[in-house]
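Every number here is computed from the coordinates shown, using simple stated rules; none is lab data. In this text the structure is predicted, and so the values were computed from the model without any measurement. A quick note on method: Cβ atoms are made from the backbone with ideal geometry, for glycine too, and the neighbour counts reach across all protein chains shown.
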Amino acid sequence: MIKMNKFIFLVSLFFYFFLSFFQTAKTNEKIIEIKTTNVKKKKLSDQLDLTGTLKANESVDITSVVSEKIKYIKFKEGSFVKKNQILVELENNEEKALLKQVEAELDEAKLNFIRAMKLVEEGNASQAMLDKRLKEKRKYEGQYEEVIAKINDRIIKTPFDGMISTKNFSVGSFVKPGDVITSLYDIQKIKVDLYIPEIYSQKIKNNQTFKLSILSDDDVAYGGKIYAIDPFINKKTRNFKASGIIDKNDKLILRPGMMAEINISLDERNVFTVPEGSIIQENEKTFVYLIKDSSSYKKEVKIGKRKKGLVEIVKGLNTGDKVVYEGTNKIKDGSKIIEKR
């Protein structure tokens, strides 16, 4: 009997401590602080990010069309030059001497032609003589134009406004046709060639705008537009070429050869988005935590594009759902929560 009473006492004591512990644990259940956001639709556009190399709007190698020595160099390397500005003069003493001779012969031929006209009018000369004098005049006019062309070939001018490069020859150097004396670049506008994946062939159009930035100053974005699309798709790379232009490079910051990052905005859509911190990846599935009645529960979702800290939710959420975006690593299904302010 004594043993039975002792057993009952021990069992009662055990249940007392068990109930006390349970009550204490329930009372001290941890309430977790989190941050949430209400799900709503936002405008999100597909972005095509590319890299490209800048090139001048127009560029040309300055060369000679004759073989001759350089007499003068009239440009400052790296400077801005205007159209038809003289850059280089080649030796032309022989041509100038020939010009004087031809000018004298042409002047005499013109006088002889005028005299012949008067004599014919007076009846003192034949039409044949007038024709002969006209032929001589035209011959010397042709010789004059030929010499002027030779002199002009020895004066090299700029074909358009632009920035002049460094020189490859000095005064006194002998240059031949095709020798590049310097180069000229029109960089008041800048072009860029874009190589775009085939899957975007129906989304890229002429006059489509884009944003461009350079590595040395990525805080500044330049606006450009596509002006030409090559219909050919490279069978090796599966890319096609589009050409873009930046119409204003007023400060001449953009230079040919620079590497650039190009961003093209494509279709714009209204979609559900959540902060990236909301996303929980488990194997091949994606989840978020929703809040209802001050408790959390896990919900599987299907995601789409990511952009600037936001993730598109294709399936699994509705307008007004409250999604946890800070504190997801602290909670689980059924966690008691309180929202931070």
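Worth pointing out:
- In plain terms, the chain is cut at each of the GluC sites (Glu not before Pro) found in a DSSP loop with at most 12 other Cβ atoms within 10 Å, and the longest leftover piece is 78-283.
- Spin-label model distance (nm) - ASN84 vs GLU105, 7 Å beyond Cα toward Cβ: 3.0 nm
- The dipole here belongs to region 237-341: it is taken about the Cα centre, uses +1 on the Cβ of Lys and Arg and -1 on the Cβ of Asp and Glu, and is about 100 debye.
- Taking all Cα pairs closer than 8 Å and separated by 6 or more residues, the relative contact order of the chain comes to 27 percent.
- Backbone phi angles across region 179-196, fed through the Karplus curve with coefficients 6.51, -1.76 and 1.60 (θ = phi - 60°), yield HN-Hα couplings of 5, 7, 7, 6, 10, 10, 10, 8, 10, 5, 10, 10, 10, 8, 8, 10, 10, 10 Hz in residue order; Gly and Pro are listed as x.
- Loop-resident trypsin sites (Lys or Arg not before Pro) (DSSP state other than H, G, I, E or B) in region 161-227 with no more than 15 further Cβ atoms inside 10 Å of their Cβ: LYS203, LYS205.
- Its Kirkwood hydrodynamic radius, worked out from the mean inverse distance over all distinct Cα pairs, puts region 78-135 at 14.9 Å.
- Distance between modelled label sites at TYR200 and VAL60, nm, 7 Å Cα→Cβ extension: 3.4 nm
- Using just its DSSP H runs of length 4 or more, each adding -39500 (n - 2.57), the chain gives a mean residue ellipticity at 222 nm of -8500 deg cm²/dmol after division by all residues.
- Greater than 21 Å apart at Cα, pairs in LYS74/LYS191; LYS157/LYS225; LYS150/LYS176; LYS69/LYS167; LYS83/LYS176: LYS74/LYS191; LYS157/LYS225; LYS83/LYS176
- Taking amide H atoms as placed 1.01 Å from N in the peptide plane, the amide H of SER183 lies under 5 Å from those of ILE62, SER165, THR166, each 5 or more residues away in sequence or on another chain.
- Chain lengthening between SER45 and VAL314 when straightened (0.36 nm per residue, less Cα-Cα): 95.4 nm
- ILE155 paired with ASP193, simple spin-label distance in nm, labels 7 Å along Cα-to-beta-carbon: 3.7 nm
- Identified option (computed mean projected area of the Cα convex hull in nm²; candidates (i) 17.1; (ii) 23.3; (iii) 36.4): (iii)
- Remark on GLU326: its backbone amide H falls under 5 Å from those of LYS35, a criterion applied only to residues 5 or more positions apart or on other chains, H modelled at 1.01 Å from N.
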